[in-house]
1. Calculate how many DSSP beta bridges within the range 98-273 are antiparallel, expressed in % of all such bridges and rounded to the nearest 5.
2. What distance in nm separates the two pseudo spin-label positions at Lys30 and Val261, each 7 Å out from Cα along the beta-carbon direction?
3. If you place +1 on the Cβ of every Lys and Arg, -1 on the Cβ of every Asp and Glu, and leave all else neutral, what size is the dipole of the chain about its Cα centre, to the nearest 20 Debye?
4. Would you tally the net charge around Met139, using a Cβ to Cβ cut-off of less than 14 Å, leaving Met139 out, and scoring K and R as +1, D and E as -1?
5. Multiplying the sequence separation of His270 and Lys130 by 0.36 nm and subtracting their Cα-Cα distance, what value in nm do you get?
6. Nearest 500 deg cm²/dmol is fine: what mean residue ellipticity at 222 nm does the chain get from its DSSP H runs of n ≥ 4 alone, each adding -39,500 (n - 2.57), divided by its residue count?
7. With a point put 7 Å past each Cα toward its Cβ, work out how far Phe163 is from Gln41 in nm, to one decimal.
8. Going toward the positive end of the dipole of the range 98-273, with +1 on Lys and Arg Cβ and -1 on Asp and Glu Cβ, which of Phe163, Leu198, Met127 do you reach last?
Amino acid sequence: MKHKLLALDSGHPGQMNALDEHFEVIRPAKPDPERIIQEHQHEIKALTTYLTPVSRNLMEYLPNLEIVACGAVGFDHIDLEAAKQRGIAVTNTPDVLTDDTADVALLLLLNVVRRAVEGDAFVRARMWEKGVFPLGHTMAGKTAGIVGLGRIGQAIAQRLQAFNVEIVYHGPSEKPEQPFQYYADLKAMAADVDFLILACRGGEATKGLIDHSVLKALGPHGFLINIARGSVVNQDDLLVALSNKSIAGAGLDVYDNEPRVPEALFTMDHVVLTPHIGSATIETRTKMGEIVVNNLLAHFEGRTLLTPVI
Ligand code: GLV
């Protein structure tokens, strides 16, 4: 008999077919998703999510839940404390998305610094025939401060070195094996860099880390890049800093309340916006889906989990 699995979202390429093969998949569909979950409440043993929150309430509602297989590297949307207390396993999808996500940081940085998206709109609107496109800025010789020098932060650093950008970093602790200068003080680092790049974890520990005072330190020549989580930035403070031009610009892949993005950003030329595409390639998302499925199979076959969070 197949175990029942609650799929909170539609999964990565190939994921649903593979899950259907091994599990009885419960899809909380409209018009009454809650009723569908309620019908299977006591038999659901596994749950998959990408970025849909998994709260303590939901876990309490599923008394026989054994595993949450998350199809993302970040797990700030899962109540780990509640899972731990219940002995529910939680897995994620690290490593396979590192390169793609680091690429998006560079994509945003190059675009905003060299005004590429703005340039594209300029050409399409036939403005080039009427006037000169404004100048951007040089990458080489600048300094980037990376917040969170984990796997993705290090992959960003590696790419930036090819652009002759100097690297410094901030995080909860120094990594002596890294060749880059460490700043324990985030504000001091923001004041010293041209590009502030966020690659840290989301969650309570980093909530609102980039606030008015950090943006002020970054200053009118500094650019902010966020491929981490919207929650790391105080979005209201960022909107004020961007509208006052108290920072030079921003490249954003993540937001506070996705998929809703503050309207004020839509009219800003010095901002480049992407819809949370860090890992959004066919190759990487397929691998992420495989990890989700393989973690679930490992769990139910009594094997060691591939990528446990807890
Ligand atoms: C995406 O944001 C992820 O955490 O994988």
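Quick note: the coordinates plus some simple rules give every number you see, no bench work behind them. The shown structure was predicted, so the numbers you read here are calculated from the model rather than taken from an experiment. Here Cβ is always computed from backbone atoms with ideal geometry, including for glycine, and neighbour counts include all displayed protein chains.
1. Values: 1 of 25 bridges.
Among the beta bridges of the range 98-273, antiparallel pairing accounts for roughly 5 percent.
2. My value for the distance between the label points is 2.3 nm.
3. Numbers: 28 positive and 38 negative charges, 71 e Å.
My answer is approximately 340 debye.
4. Cβ neighbours under 14 Å give a net charge of +2.
5. Values: separation 140, 0.36 × 140 = 50.40 nm, distance 2.11 nm.
The His270-Lys130 span can extend by a further 48.3 nm.
6. On the way: 11 runs with 108 residues, N = 310.
-10000 deg cm²/dmol, from helical runs alone.
7. Simple spin-label model gives 5.2 nm for this pair.
8. With unit charges placed on the Cβ atoms, the residue in question is Met127.
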